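Structure record follows, encoded as structure tokens.
The values are calculated or read from the model by the stated rules, or taken from the named source; none is laboratory data. Model, not experiment: these values are computed from the prediction. When we count neighbours, we look across all protein chains shown, and the Cβ atoms used for this are built from the backbone with ideal geometry, even at glycine. The accessibility values were calculated without ligands, DNA or RNA, using every heavy atom of the protein model including side chains. Shrake-Rupley method; radii C 1.70, N 1.55, O 1.52, S 1.80 Å.
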Amino acid sequence: MTEKLWGGRFAAATDALVEQFTASIAVDQRLFREDIQASIAHARMLARVGVLTEVEASAIVHGLRRIEEEIAAGSLPFTDRLEDIHMHVESRLIELIGDVGKKLHTGRSRNDQVATDMRLYVRSAIDRLCALLYDLQRVLVDLASREADTILPGLTHLQVAQPITFGHHCMAYVEMFRRDSDRLADARRRVNVLPLGAAALAGTTFPIDRWDVARQLGFDHLAENSLDAVSDRDFLLEVAADLGILAVHLSRLAEELVYWMSTNVAFIDLPDAFCTGSSIMPQKKNPDVAELIRGKSGKVMGQLVALLILMKAQALAYNRDNQEDKAIFFTAVDEVEMSLALLVRMLPGLQTRPERMRAAALEGFATATDLADYLVRRGVPFRDAHAVVGRAVRLAQERGVGLEQLSLADLEAISPAIDATALEVLSLEGSVAARNHLGGTAPAQVRAAIARARQRLEQEARR
Ligand code: ARG
């Protein structure tokens, strides 16, 4: 009646719309390597425990290898009739090697199979993402080193706050991406657990050796409960959350790139190869890559929410809902991977415009705090110093000049604690150089931070 591998108990064929609705091959075909790798490990184990003969297992392994080549070459046609990647591989195997192929599914279910495939996929996705995060940190450290002395206004509330160096700003992102990488590496430990052996939900009657499979596939642990193994997707939730946080960081960097390149700010120029033009305005050079990184970050965050809602309130054990996890998760990984790769390529070509940055830092009384600190060093309590400098700012504002342009007489009139030495602390260079402690913006500290980051990255590269 029906050619479905599970068709025995069915008297009627599946409705065409149901086939279309339930098929996942369009999405899960990307798991073909993981699926075949896990099937090979399963077949070998079955032979070792005596469920298959060596001859049967090696026929299966050869068949699976051939299918892997066929799929890689695009020569195996996919069809909704065969639902998913697991069914495609299994039916092709039976086509290729005959009845022996029908033995592969002994002692397992698609439920533990798909969970295994996903864990293998996520594990390598984490490795790719960490490699990209590594490259991005390197690029940012190099940029920081080039711009360790470049002064720009640091902002709070998007208002000029205090002068900082561009190198210091770049190193802030190095810290964020380092934590993103740490988070993923930490999640990897919980991803790298073998579900296979759980079968449909309760385990199997065959004398399987789960550690044998785990060793073949490089898993560090076995899932210890079969119901949990086939049904929970918290390993995806966790990584999706890490990607969501990473996307927040990407969006902040992207936003700053857009802002810095805005015509009226013009702190930086991004390479032509990473900008696009306007179909109507001939003069335009737009930072579309940065804008799209910012835009796509929202999509990544949305995937986390979609996954949380997918899993919420699912009764144990496996439910078909879980099939939807793949499209959601793949989207998040793809967008983050592409965004990281683009930043790695684009940022080395970022050109700063130090004269524009400097001019902006000279506006907005960026060194007012330095003057207050100066007064404190001369015995004025900080709160009083704050008020004194506030008066100086008001005077400078009335005159339409910067603090450093007030005359010594003006300053002395505001506070007797001020003398000629005050003028030094009002300079941009003096201000950044004075923040000379671990974590501060002084160029010397930025260089020290760069040296530490380089050393850490070198150690990571050797691992
Ligand atoms: N394509 C399915 C998925 O991705 C495989 C598992 C199907 N299991 C089942 N009992 N129908 O979840």
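Residues checked against (1) out of contact with any helix residue (DSSP H, G or I) (no Cβ under 7 Å at 6 or more places or on another chain); (2) open to solvent by 50 Å² or more (accessible area, probe 1.4 Å); (3) within 16 Å of the ligand (Cβ to nearest atom); (4) not in a helix (DSSP H, G or I):
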{"site": "F206", "(1), (2), (3), (4)": "yes, yes, no, yes"}
{"site": "V230", "(1), (2), (3), (4)": "no, no, yes, no"}
{"site": "F235", "(1), (2), (3), (4)": "no, no, yes, no"}
{"site": "I245", "(1), (2), (3), (4)": "no, yes, no, no"}
{"site": "R252", "(1), (2), (3), (4)": "yes, yes, no, no"}
{"site": "I293", "(1), (2), (3), (4)": "no, no, no, no"}
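Could you list, in sequence order, all residues of the range 62-88 that are away from the ligand (no atom under 12 Å from the Cβ), open to solvent by less than 40 Å² (accessible area, probe 1.4 Å) and in a helix (DSSP H, G or I)? Of everything in the range 62-88, those that are away from the ligand (no atom under 12 Å from the Cβ), open to solvent by less than 40 Å² (accessible area, probe 1.4 Å) and in a helix (DSSP H, G or I) turn out to be G63, L64, I67, E70, I71.
Against the test of being closer than 20 Å to R358 by Cβ, free of Cβ contacts under 8 Å to residues at least 12 places away in the same chain and out of contact with any Leu (no Cβ under 6 Å at 6 or more places or on another chain), the options A444, A434, A448 yield a single qualifying residue, A444. The set of residues in the range 277-316 that are aliphatic (A, V, I, L, M) and modelled with pLDDT under 95 comprises I280, M281.
Among the listed residues E324, E337, identify the single one that is open to solvent by 30 Å² or more (accessible area, probe 1.4 Å) and either more than 17 Å from the chain's Cα centre (by Cα) or hydrophobic (A, V, I, L, M, F, W, C) (or both). So that I can check it myself, show each step before the final result.
Details: E337 fails: either more than 17 Å from the chain's Cα centre (by Cα) or hydrophobic (A, V, I, L, M, F, W, C) (or both).
Selected residue: E324, the only one of E324, E337 that is open to solvent by 30 Å² or more (accessible area, probe 1.4 Å) and either more than 17 Å from the chain's Cα centre (by Cα) or hydrophobic (A, V, I, L, M, F, W, C) (or both).
So, I268, is that one away from the ligand (no atom under 16 Å from the Cβ), touching a Phe, Trp or Tyr at 6+ places or on another chain (Cβ under 9 Å) and open to solvent by less than 30 Å² (accessible area, probe 1.4 Å) or not?
Values: away from the ligand (no atom under 16 Å from the Cβ): yes; touching a Phe, Trp or Tyr at 6+ places or on another chain (Cβ under 9 Å): yes; open to solvent by less than 30 Å² (accessible area, probe 1.4 Å): yes.
It is true that I268 is away from the ligand (no atom under 16 Å from the Cβ), touching a Phe, Trp or Tyr at 6+ places or on another chain (Cβ under 9 Å) and open to solvent by less than 30 Å² (accessible area, probe 1.4 Å).
Among residues of the range 110-127 that are of a type in the set (G, A, S), those with a beta-carbon under 7 Å from a residue that is outside any helix (DSSP H, G or I) and buried (at least 23 other Cβ atoms within 10 Å of the Cβ) at least six positions away or on a different chain give the pairs A115/P195.
Please indicate, with yes or no, whether at least one residue in the range 182-196 is in contact (Cβ under 8 Å) with a residue 60 or more places away in the chain, assigned to a helix (DSSP H, G or I), farther than 27 Å from Q37 by Cβ and open to solvent by 40 Å² or more (accessible area, probe 1.4 Å). No, the range 182-196 contains no residue that is in contact (Cβ under 8 Å) with a residue 60 or more places away in the chain, assigned to a helix (DSSP H, G or I), farther than 27 Å from Q37 by Cβ and open to solvent by 40 Å² or more (accessible area, probe 1.4 Å).
Here is a yes/no grid of residues against (1) within 21 Å of D321 (Cα to Cα); (2) touching a residue at least 60 places away in the same chain (Cβ under 8 Å); (3) in contact with a Gly (Cβ under 8 Å, 6 or more places away or on another chain):
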| site | (1), (2), (3) |
| --- | --- |
| A16 | yes, no, no |
| A23 | yes, yes, no |
| Q29 | yes, no, no |
| F32 | yes, no, no |
| I36 | no, no, no |
| M45 | no, yes, no |
| R48 | no, yes, no |
| V51 | no, yes, yes |
| V55 | no, no, no |
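Cβ separations smaller than 7 Å between residues 6+ apart or across chains give the following pairs from the range 303-331 residues that are among the hydroxyl-bearing types (S, T, Y) to residues that are open to solvent by 40 Å² or more (accessible area, probe 1.4 Å) and more than 14 Å from the ligand (Cβ to nearest atom): T331/K299.
Here L201 meets each of (1) open to solvent by less than 20 Å² (accessible area, probe 1.4 Å); (2) within 16 Å of the ligand (Cβ to nearest atom) with one exception, condition (1).
List pairs: first residue in the range 262-291 and farther than 20 Å from V344 by Cα and without any contact (Cβ under 8 Å) to a residue 24 or more places away in the chain, second residue assigned to a loop (DSSP other than H, G, I, E, B) and among the polar types (S, T, N, Q) anywhere in the structure, Cβ distance under 6 angstrom, at least six positions apart or on different chains. Listed by first residue and then by second, the contacts come to K284/S278.
Counting only residues that are in contact with a helix residue (DSSP H, G or I) (Cβ under 6 Å, 6 or more places away or on another chain), under 19 Å from Q159 (Cβ atoms) and open to solvent by 40 Å² or more (accessible area, probe 1.4 Å), the range 346-383 holds 1 of them.
Of the residues that make up the range 94-104, is at least one within 11 Å of the ligand (Cβ to nearest atom) and in a helix (DSSP H, G or I)? Looking through the range 94-104, none of the residues is within 11 Å of the ligand (Cβ to nearest atom) and in a helix (DSSP H, G or I).
Among residues belonging to the range 295-320 that are within 16 Å of the ligand (Cβ to nearest atom) and not in a helix (DSSP H, G or I), point out the one that is most open to solvent (accessible area, probe 1.4 Å). Give the derivation first.
Going residue by residue through the range 295-320, those that are within 16 Å of the ligand (Cβ to nearest atom) are 306-307, 310-311, 314-320.
Filter again for not in a helix (DSSP H, G or I), leaving 314-319.
Working: Q314: 38, A315: 69, L316: 129, A317: 9, Y318: 60, N319: 45 Å².
Of everything passing the filter in the range 295-320, L316 is most open to solvent (accessible area, probe 1.4 Å).
For the range 114-172, a residue qualifies if it is open to solvent by 30 Å² or more (accessible area, probe 1.4 Å), among the acidic types (D, E) and within 30 Å of G402 (Cα to Cα), and exactly one does: D149.
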